[in-house]
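First the structure, in the form of structure tokens, and then the observations on it.
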């Protein structure tokens, strides 16, 4: 069941209702109070989604997402707490509420569950603003450069035994669906657990290195030498190993779109040094939770591409600001997005409205209820997400469907709580 917080003494009309046609401009410029905040933890393909909905006194509602892992119960709790803090606030003050939560709570730190909660709230407030204005969010952000958002495929490799032949077959199937770029981690990481599946010094054996190269060769043989492949490392290689493997990958007959997270976000100087030493473009950003954390990477010219995650970095507002900051360094934006459906939708609206957009990540394989929890399916075809002119984000959550798929709270093999 969802957690719902309500403001006392205020009446909430039916969620999602349109404002009366007689609503005047004067009335719509008055404060619009937040009356209810709901939070759901929902089972996804390998981790839980955290989804929210905000209701306001004018009868509208907006949806948001805060998905992150491992530790989704912490994210859920942060959403509930932050949601209680904004009850009674004016929903039209989007940037003010972002800053209020960030300034009041960053004693806990400048990243993590706090930024996830702020992200979800921010996305929902932009959805509300668009519905109230009867305009798509991308129009509120300045208008669309594009409405067909080019995607790259992730999570296309979930079947099989991890052998090169298994990767080859799945890559061919992914390409046949119309995708023109993809990403995967070719290394022998079966989980992200330090000291368990990962070596304590973040090294690979020679057999693991050869397996990674064989997987890449197999995928490239199915996709062709000109099909861009992003190589994921998850920051799980030590510095010398990251440099060595980049050079060995560069010698393969494939087009490396980028080398992702060759070091962790706490090492901006090391990332910059690796970038200068390898022949593959570098992409970082999924663990940079705000423009403040992105700036050291940009100042050091440590990345060719920046990949902020809308559910981690502060939502629509902050992703837009990060894109503007990156533009001043001539760095393209490729949003990280292995999340739930609201993240995909909200990211697409920002991608539509920025000049330095490159590609957006998309989860090709997911739980079968990804589309049923929405009022209509995600408009994805031929490797693109197509935006229309619907107000706000253009979607709503189907609450009954959300409640049919509660998030997992006990460990399960291959699932990150």
Given (1) modelled with pLDDT of 95 or more; (2) surrounded by fewer than 19 Cβ atoms within 10 Å (Cβ to Cβ), residue 109 misses just (1)
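With the condition kept exactly as written, say whether any residue in region 90-106 is assigned to a loop (DSSP other than H, G, I, E, B), assigned by TED's automatic domain parsing to the domain that holds residue 32, at pLDDT 95 or above and out of contact with any helix residue (DSSP H, G or I) (no Cβ under 6 Å at 6 or more places or on another chain).
Yes: one or more hits.
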Just to be sure, is residue 27 at pLDDT 95 or above and either outside the structural domain of residue 316 (by TED's automatic domain parsing) or in a loop (DSSP other than H, G, I, E, B) (or both)?
no
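Can you tell me how many residues in region 145-159 are touching a strand residue (DSSP E or B) at 6+ places or on another chain (Cβ under 8 Å) and either in a loop (DSSP other than H, G, I, E, B) or modelled with pLDDT under 95 (or both)? Explain how you work it out, then say what you get.
Initial filter on region 145-159 (touching a strand residue (DSSP E or B) at 6+ places or on another chain (Cβ under 8 Å)): 145-157.
In the following step, the residues that additionally are either in a loop (DSSP other than H, G, I, E, B) or modelled with pLDDT under 95 (or both) were identified as 145-147, 155-157.
Within region 145-159, residues that are touching a strand residue (DSSP E or B) at 6+ places or on another chain (Cβ under 8 Å) and either in a loop (DSSP other than H, G, I, E, B) or modelled with pLDDT under 95 (or both) number 6.
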Of the candidates 122, 58, the one satisfying the condition of being under 25 Å from residue 363 (Cβ atoms), buried (at least 21 other Cβ atoms within 10 Å of the Cβ) and at pLDDT 95 or above is 122
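Tell me, which helices (runs of 4 or more DSSP H) lie completely within region 301-417 with 3 or more residues that are buried (at least 22 other Cβ atoms within 10 Å of the Cβ) and either in the same structural domain as residue 159 (by TED's automatic domain parsing) or under 13 Å from the mean Cα position of the chain (by Cα) (or both)?
On the way: elements: 315-327, 341-352, 399-403.
The qualifying helices (runs of 4 or more DSSP H) are 315-327, 341-352.
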Scanning region 162-183 for residues that are touching a helix residue (DSSP H, G or I) at 6+ places or on another chain (Cβ under 7 Å) and closer than 21 Å to residue 261 by Cβ, the one surrounded by the fewest Cβ atoms within 10 Å (Cβ to Cβ) turns out to be 167
Note on region 50-89: residues without any contact (Cβ under 8 Å) to a residue 40 or more places away in the chain and either farther than 13 Å from residue 114 by Cα or under 22 Å from the mean Cα position of the chain (by Cα) (or both) are 74, 77, 78, 81, 82
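Conditions (1) within 15 Å of residue 111 (Cα to Cα); (2) not in a helix (DSSP H, G or I), marked per residue:
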residue	(1), (2)
55	no, yes
59	no, yes
62	no, yes
75	yes, no
84	no, no
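Run down 206, 232, 260, 241 and say which single residue is more than 27 Å from the chain's Cα centre (by Cα) and touching a residue at least 24 places away in the same chain (Cβ under 8 Å).
Working: 206 fails: touching a residue at least 24 places away in the same chain (Cβ under 8 Å); 232 fails: more than 27 Å from the chain's Cα centre (by Cα); 260 fails: more than 27 Å from the chain's Cα centre (by Cα).
The conditions single out 241.
Here's the yes/no breakdown for (1) in a helix (DSSP H, G or I); (2) surrounded by fewer than 21 Cβ atoms within 10 Å (Cβ to Cβ); (3) in contact with a strand residue (DSSP E or B) (Cβ under 9 Å, 6 or more places away or on another chain):
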position	(1), (2), (3)
215	yes, no, yes
219	yes, no, yes
246	yes, no, yes
256	no, yes, yes
259	no, no, yes
265	no, yes, yes
269	yes, yes, no
Of those in region 280-300 that are assigned to a helix (DSSP H, G or I) and free of Cβ contacts under 8 Å to residues at least 40 places away in the same chain, the residue nearest to residue 63 (Cα to Cα) is 291
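Can you say whether residue 277 is in the same structural domain as residue 213 (by TED's automatic domain parsing), within 16 Å of residue 358 (Cβ to Cβ) and more than 19 Å from the chain's Cα centre (by Cα), as far as the supplied structure shows?
no
The values are calculated or read from the model by the stated rules, or taken from the named source; none is laboratory data. Note that the coordinates shown come from a computational prediction; the quantities given were computed from them, not determined experimentally. Note: ideal-geometry Cβ built from the backbone for every residue, glycine included; neighbour counts use all protein chains shown.
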